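Novice: Here it is, the structure in full.
The values are calculated or read from the model by the stated rules, or taken from the named source; none is laboratory data. Bear in mind the structure is a predicted one, so any value in this text is a computation, not a measurement. Neighbour counts run over all protein chains shown; Cβ positions are idealised from the backbone, glycine included. Note: accessible area is taken over every heavy atom of the protein model, side chains too, but ligands, DNA and RNA are not part of it. Shrake-Rupley method; radii C 1.70, N 1.55, O 1.52, S 1.80 Å.
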Amino acid sequence: MQKMRPWLGIVLAFIFVAICFTPQVQTILTLPDNQRIVVGEASTIQLNLPARIQNKIVMKVMGSSTNVFASQQDFPVTVNQQNNGYEIMALKPGRVDVRLNLFGYIPIKSIQIESVAPKRVVPGGHSIGVLLQSKGIMVVGFAPIVGSDGEKIYPGRDQGLQIGDLIFRMDDQAVSTEVDLAKMIDSNKDKELKLEIKRKGKAIIIQMKPVHCAETDRYRIGLYVRDGVVGVGTLTFWDPETEHYAALGHIIVDADTRQGIDVLKGRVVGASIQTIKPGKPGHPGEKIGIFNDHSIVEGNIVKNSQFGIYGKTAKALQNPLTEYSMEVAYAHQVKEGNAQILTVVNGEDIEAFDIVIEKVYPQRQNGKGMIIKVTDPRLISLTGGIVQGMSGSPIIQNNRIAGAVTHVFLNNPISGYGIFMDNMLSEMPVKIESTEKVSTF
């Protein structure tokens, strides 16, 4: 008997694996682990099992341990049996577990259901100027200093500074602008300085002496630095309940270091598009505009996140193309097919242009949940497709705002990525091309 046990285990394992590959079991195993439903919306779980099996499977709303015995009406969703499965109806916001049980008590699959309230926002499309000041002065390169003997030296690099470092204090004084840094170096001349920097979130202290530069007749530490960025983008939406906006759909990074910028302060203003440099394969296009301090768009920047920039506006925003706010389409509601984007290609006039949503990846959380393609002949003629400055342009499908344009495909400018509204809403407060100025010290 002992000799038979290993073989018996192998046979049982083979049978178990074989059962897992049967269509009936695969139907259950391929059900999602989590699902989102909007209040008032119904979702159908198709089982398509033989009647003798399906009659032995029961779907129940489980909830948390504190309310397992609550009536079904107390849960955010209800479950109703149908001929070939179950219908889940969202009644109110909340999260619950819905479980498939064999014979009513043997758990075989659990699905977490999130019921979310309908959301309405004012769609954007407004062209905006972005002025962002970072927390600290970012090192973006090393500048040679010509000594008295004509030799080039790099004191900052030699003392251990690295590209991407943030200088936030010097000799126990806060440094927030390039001017601050220049004044402190000039006032100390050749005295040793204590620089407090941040490198990948870690605080570091570096000691160094400024060196006299024969070319400029100034004391310098041999760095290219930048204290912020300036650029053009597109506002995605405005929330009338909180008066907060979201724009761009992706993080603002420093053009040289490719690192995200921590916000010290910043603001957005309206921008007027003067001309467009069309995109070509291998050469991204660009919107070129001027800032307008008298535009209806005016607000601060409080967050620069992976899903865009966020802040509060000074005035209520409206979109001239739609009289009312627009319902949000969550990721599970976005479908492949026709849609539009709202953006500015001339002056400050928001226009709608046709696109196609070619692929939808509802589970992606990286801001690239949709692949979109521009089909509007006029937009292709004007811009070649998606160009820099178009990031944040809202995507509209079936009279709902589904997300925003985020990236262009470098080898095919008529196509690019879009972000879901789910992602952008998750960052709401309770690589943008920029014209950046670099100074040397």
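Novice: When only DSSP loop residues count, what GluC sites (Glu not before Pro) in the stretch 256-323 have their Cβ near at most 10 other Cβ atoms within 10 Å?
Specialist: Sites meeting the loop and neighbour criteria: 323.
Novice: Hey, any idea what % of the stretch 160-203's accessible area is carbon plus sulfur with a 1.4 Å probe?
Specialist: About 47 percent, which is the carbon plus sulfur part of the accessible surface.
Novice: Taking a threshold of 31 Å on the Cα-Cα distance, which of the pairs 119/368; 194/368; 287/312; 92/335 fall above it?
Specialist: Check vs 31 Å cut-off fails for 194/368.
Novice: Let me ask something else. Restricting attention to the stretch 67-169, which GluC sites (Glu not before Pro) occupy a DSSP loop and are surrounded by at most 12 other Cβ atoms within 10 Å?
Specialist: Answer in residue order: 151.
Novice: Which one, (1) 93, 69, 45; (2) 81, 60, 38; (3) 79, 45, 38, gives Cα extents along the principal axes in Å as derived from the coordinates shown?
Specialist: (1)
Novice: With a 1.4 Å probe and every protein chain left in place, work out the accessible area per residue of the stretch 258-297 in Å², rounded to a whole number.
Specialist: Accessible surface, normalised per residue, equals 57 Å².
Novice: Oh, and also: For the chain, what is the calculated [θ] at 222 nm in deg cm²/dmol (nearest 500), taking -39500 (n - 2.57) for each run of four or more DSSP H residues and dividing by its residue count?
Specialist: So the calculated ellipticity at 222 nm is -3500 deg cm²/dmol.
Novice: Test of understanding: extend the Cα→C-beta vector of residue 153 to 7 Å, then name every residue of the stretch 206-225 with backbone N under 15 Å from that spot.
Specialist: Backbone N within reach: 208-223.
Novice: Which trypsin sites (Lys or Arg not before Pro) in the stretch 146-238 pass both tests, a DSSP loop state and at most 16 other beta-carbon atoms within 10 Å?
Specialist: Working: sites: 152, 157, 169, 183, 189, 191, 194, 198, 199, 200, 202, 218, 220, 226; in loops: 189, 191, 200.
Those satisfying the criteria are 189, 191, 200.
Novice: Given R₀ = 41 Å, FRET efficiency for residue 89-residue 411 by Cβ-Cβ distance, to 0.05?
Specialist: 0.35
Novice: Please report, as a whole percent, how much of the solvent-accessible surface of the stretch 355-427 comes from carbon and sulfur atoms (probe radius 1.4 Å).
Specialist: Of the solvent-accessible surface of the stretch 355-427, carbon and sulfur hold 48 percent.
Novice: Follow-up question, since we're still on this one. At 1.4 Å probe size, with the rest of the protein present, what percent of the exposed accessible area of the stretch 98-140 is carbon and sulfur atoms? The partial results should precede the final answer.
Specialist: On the way: 840 of 1450 Å².
C and S fraction of accessible area: 58 percent.
Novice: Averaging over all projection directions, find the projected area of the Cα convex hull of the stretch 302-441 and quote it in nm² with one decimal place.
Specialist: Across all orientations, the stretch 302-441 yields a mean hull projection of 10.9 nm².
Novice: Also, I was wondering about something else. Efficiency by 1/(1 + (r/R0)^6): what FRET value for residue 42 and residue 174, r their Cβ-Cβ distance, R0 = 56 Å, to the nearest 0.05?
Specialist: Working from the Cβ atoms, E equals 0.50.
Novice: I've got another one for you. Tell me the net charge near residue 317. Cut-off is 12 Å between Cβ atoms, residue 317 excluded, with +1 for each Lys or Arg and -1 for each Asp or Glu.
Specialist: Summing Lys/Arg as +1 and Asp/Glu as -1 gives -1.
Novice: Take the Cβ-Cβ distance between residue 217 and residue 277 as r, set R0 to 45 Å, and report the resulting FRET efficiency rounded to the nearest 0.05. List each step's numbers first, then the result.
Specialist: Numbers: r = 40 Å, r/R0 = 0.88.
The pair residue 217/residue 277 has a calculated efficiency of 0.70.
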